[in-house]
Structure formats: C-alpha cells, structure tokens
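A quick write-up on the structure given underneath.
The values are calculated or read from the model by the stated rules, or taken from the named source; none is laboratory data. What you are looking at is a predicted structure, and each value in this text was computed from that prediction instead of being measured. All Cβ positions, glycine included, derive from the backbone under ideal geometry; neighbour counts span all protein chains shown. Calculation scope for accessible area: heavy atoms of the full protein, side chains included, ligands and nucleic acids excluded. Shrake-Rupley method; radii C 1.70, N 1.55, O 1.52, S 1.80 Å.
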Amino acid sequence: MELLATQSAQVETPALEEARAVTAEQILGRKKSKSKANSGDEKYEYSVKWHNFSAESVQWVPREILVEMGHLRMVQREDEKQAAAHGLVARPLTQPQVEEHLAGFGLDSNLASHTRIGILSGGQKVKVVLGAAMWLSPHILILDEPTNYLDRDSLGALAAGLKEFGGGVIVISHNREFCHAVCDERWVMNAGRLSREGQVSKMDVALEGKAMVDEYTDEFGNVHKLKKKQPQTEKELKKMKRQKELARKRGDVFIEDEDEWWDKLQEEVAKPVLSEPATSS
C-alpha cells in the first residue's frame, strides 16, 4: 500500500506543479538588488503582478528568474522604460529646454509654457506631437498621417526636416505629394492592391565604436558611465533559444528578436513571386 501511495504521489506531482505555476502578467517597477552578480555588476529585481492574482500579491522577483520563466522581452521593455525615465540622452526636462526644443517646431515660449494643449489649434497640436516624438532623438521615426491640420508652409518645413533627419523614417499618409517629397521607397495601396514605387538607394552607415556615447548626464547634473553590452556566448544563445521554445509551448505572446525577425523578412522577400496564369478571352 505504501508503494502504491508513493507511486500515486509521484504521478500527481507534475499536475500539481503545473496547477500551481504562475505567469507574469505585468512588470510594475524595478529596483536594485542588495546582492551583486559574480562580475560585480548591479543586479535588479522586478515588481511583478501575476496572472489571475490580485494586485495585493505583487512580488519582487530577481531578473534571472524572470528570464528563466521566459519573460525576457517583458524585462527588456521595463529596462528600456527605466532608461528613458533616467534621461540617458542627457536631455533635462526643464522649462528652458522644452521651450528651445518646441521653438524648432514653430511654437513660441508662450505656447510652450503658458497655454494648455486642449486650446491649441489642430496644427499646433500636431507640432507638439512631433516635438514630443523627437525629444529623445530616436533612430527611427514612424509618422501616421503627419500632414493633417498642417498648412502648406508647415508641410514644407516638415518635409525639409525629415530629409535632413539622419535616422529612418516610416510615413503612413494619403498625401501623395508629401510622400514623394520625403520617401525614396513607397508602398501604395490602391483598390485593394499593393504596389511598390521607387527604391531605397542610400547605403547603410557603419557606426564606429568611438562614436558611441559612453556616458550621460542626468537632470541633476550627475555624470554616469554606460556599460557596453558584451556579445553573448554560444552557451547563452542556446539557453535563450530554449527559453523561447518553452514560451511558445506555454502559448505566451512572444516577439522575435529584431535580428531574427529581419532574417525571416529577408527570406520572405527573396522568395520568387509566382505570377498568375494568363486567361484567354
């Protein structure tokens, strides 16, 4: 009888463990851990709300445990949010800085500091949104119908600014004239059919290591050193691959890494297009 009871317990254990398993629903914050990694770097813990649990059950979980659970992407999103909040591009959020920034988009100091957004005109609101999008000096700018409410002079200034912008630009617009002025390559949807016009002829520019920012100044004037990301070892890459497979088996919403997504996209583009057979009348 004892043997049967032991065997029954061994059979039930995986089911019980699966029933008690928890899944992170949302990361609410991050703090430094009291202990440090073997390399001496700072370790972080994350405030996690679990799926199907109340807000009172929030727990602080070390980063390595969340990564092992398959929540690497969620952890990375929180790290990015924390980095932006700490002003890694040395842009102090002060009134003079904001006024100077918005002046470049045609908004004077009175509109920038002493006027509520709700009473601005449609064109002025668009300028505020464009200024906010450019505040952190992004590498890629995605604009959805940016020409709405802008007068002809403002449209010309926006087109000229986008041409001089050193990063990538993606525009969704019904304004053909604006798209032709700004975009080298265009994907046109007409009557349910998608066609391609033009082609990007600009070469990618390699960034030298010495040109990368290695320190930043926060809003209090403190200078912080940025730690360079080390390339992953073969062992780390295999571990990450296993984590992705486990996340997919659990049915989690999983976003591919940028490099992996780009490789798959290139494979799809390289596939030959099968033309439809001609029909005789």
Result of the Cβ filter at 7 Å on segment 216-244, keeping first residues that are over 30 Å from Q95 (Cβ atoms) and partners that are among the hydrophobic types (A, V, I, L, M, F, W, C) and at pLDDT below 70, at least 6 apart or interchain, is K244/F254
Only one of D108, D144 is within 24 Å of the chain's Cα centre (by Cα) and over 30 Å from K32 (Cβ atoms), namely D144
Scanning segment 219-243 residue by residue, those among the aliphatic types (A, V, I, L, M) and either in a helix (DSSP H, G or I) or modelled with pLDDT of 65 or more (or both) turn out to be V223, L237, M240
Of the residues in segment 111-136 that are over 27 Å from the mean Cα position of the chain (by Cα) and not in a helix (DSSP H, G or I), the one that is surrounded by the fewest Cβ atoms within 10 Å (Cβ to Cβ) is R116
Among the residues of segment 40-70, the number that are in a strand (DSSP E or B) and either open to solvent by less than 40 Å² (accessible area, probe 1.4 Å) or touching a residue at least 12 places away in the same chain (Cβ under 8 Å) (or both) is 12
Worksheet item: Has segment 78-88 got any residue that is open to solvent by 40 Å² or more (accessible area, probe 1.4 Å), in contact with a helix residue (DSSP H, G or I) (Cβ under 7 Å, 6 or more places away or on another chain) and of a type outside the set (S, T, Y)?
Response: no
Expected single match for at pLDDT below 90, assigned to a loop (DSSP other than H, G, I, E, B), among the β-branched types (V, I, T) and open to solvent by less than 80 Å² (accessible area, probe 1.4 Å) among V22, V98 is V22
Of the residues in segment 137-169, those that are part of a strand (DSSP E or B) and surrounded by 11 or more Cβ atoms within 10 Å (Cβ to Cβ) come to L141, I142, L143, G168, V169
